[in-house]
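*Asks:* Dropping the structure in here first, questions after.
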Amino acid sequence: MIELYYWTTPNGHKITIFLEEVGLQYTIIPVNIGAGEQFKPEFLKISPNNRIPAIVDHEPADGGAPISVFESGAILLYLAEKTGQLIPQDLRNRTKVLEWLFWQMAGLGPMAGQNHHFSAYAPEKIEYAINRYVNETGRLYAVLNKQLADREFVAGDYSIADIAAYPWIVGYERQSQNLEDFPHIKRWFETIKARPATIRAYEKAEALKTQALDPDKSRDLLFNQSAKTIQP
């Protein structure tokens, strides 16, 4: 049994998509980040960076005590190795998948996240910051589009590399991107969107939608953290 500490963000969606694809038994433990639940001591024990997602595997492969894992890329890799699915076993193809997994973790996710922040959440519109992250997001889309020009999926067969990237493309309109400009991404995006596991994963997200929260309070919880948040 996998316990998934989850909220309805792109990084959260990665893990539900994977778990739905492989059919691994799991239970969702909601962590409402807009209400500050990511700061609860019991959550910080398994996710010291106070970010979702995180998992606890109660049946690890070594048969020992439960294992907790935080960071979405690490979770995808852990689960892929646990199940032997959605990651190649041969050296060369495995390396290619890991390249693109880390590309998403280091590039597409952070840049699109900053794009979202300065375009939609920042209390003042800073033109330089908006242009910087919209343009960098577009550059990364172009890199992905080029990679997909001669293959169905990012690194060959469908893998954790695709699962990592897809949820960050879902918000393309918020990122001021047009999929018509990236035809290979558009074809790949529609293919993954139609997969039954993807549909089920996003249905679970819809089911977790709650009452509206105070936007000012949520903004402070999500964006006004510093070293003092961690260190007393």
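*Asks:* From the list Pro66, Pro30, exactly one residue is in contact (Cβ under 8 Å) with a residue 40 or more places away in the chain and either farther than 30 Å from Arg151 by Cα or charged (D, E, K, R) (or both). Which is it?
*Replies:* Of the residues listed, the single one that is in contact (Cβ under 8 Å) with a residue 40 or more places away in the chain and either farther than 30 Å from Arg151 by Cα or charged (D, E, K, R) (or both) is Pro30.
*Asks:* Here's a check for you: in region 36-67, which residue that is of a type in the set (Val, Ile, Thr) and surrounded by fewer than 19 Cβ atoms within 10 Å (Cβ to Cβ) is farthest from Gly109 (Cα to Cα)?
*Replies:* Ile67
*Asks:* Further question: Right, Ile192: farther than 21 Å from Gln114 by Cβ and modelled with pLDDT of 85 or more or not?
*Replies:* Spelling it out, Ile192 is indeed farther than 21 Å from Gln114 by Cβ and modelled with pLDDT of 85 or more.
*Asks:* With the requirement that a residue be among the hydrophobic types (A, V, I, L, M, F, W, C), assigned to a helix (DSSP H, G or I) and crowded, with 16+ Cβ neighbours inside 10 Å, what does region 68-88 give you?
*Replies:* Once the filter is applied, which keeps residues that are among the hydrophobic types (A, V, I, L, M, F, W, C), assigned to a helix (DSSP H, G or I) and crowded, with 16+ Cβ neighbours inside 10 Å, region 68-88 yields Ile75, Leu76, Leu77, Leu79, Ala80.
*Asks:* Follow-up. Could you please find all residues in region 51-63 being in contact (Cβ under 8 Å) with a residue 40 or more places away in the chain and either over 17 Å from the mean Cα position of the chain (by Cα) or part of a loop (DSSP other than H, G, I, E, B) (or both)?
*Replies:* Residues satisfying the conditions are Arg51, Ile52, Pro53, Val56, Asp57, His58, Glu59.
*Asks:* Could I ask something else about it? Using the structure shown, decide if Thr16 is under 18 Å from Ile160 (Cα atoms) and either free of Cβ contacts under 8 Å to residues at least 60 places away in the same chain or not in a loop (DSSP other than H, G, I, E, B) (or both).
*Replies:* So Thr16 passes the test.
The values are calculated or read from the model by the stated rules, or taken from the named source; none is laboratory data. Since the model is a prediction, treat every value here as computed from it, not as a measurement. Because the Cβ atoms are built from the backbone with ideal geometry, glycine has one as well, and the counts that use them run over all protein chains shown.
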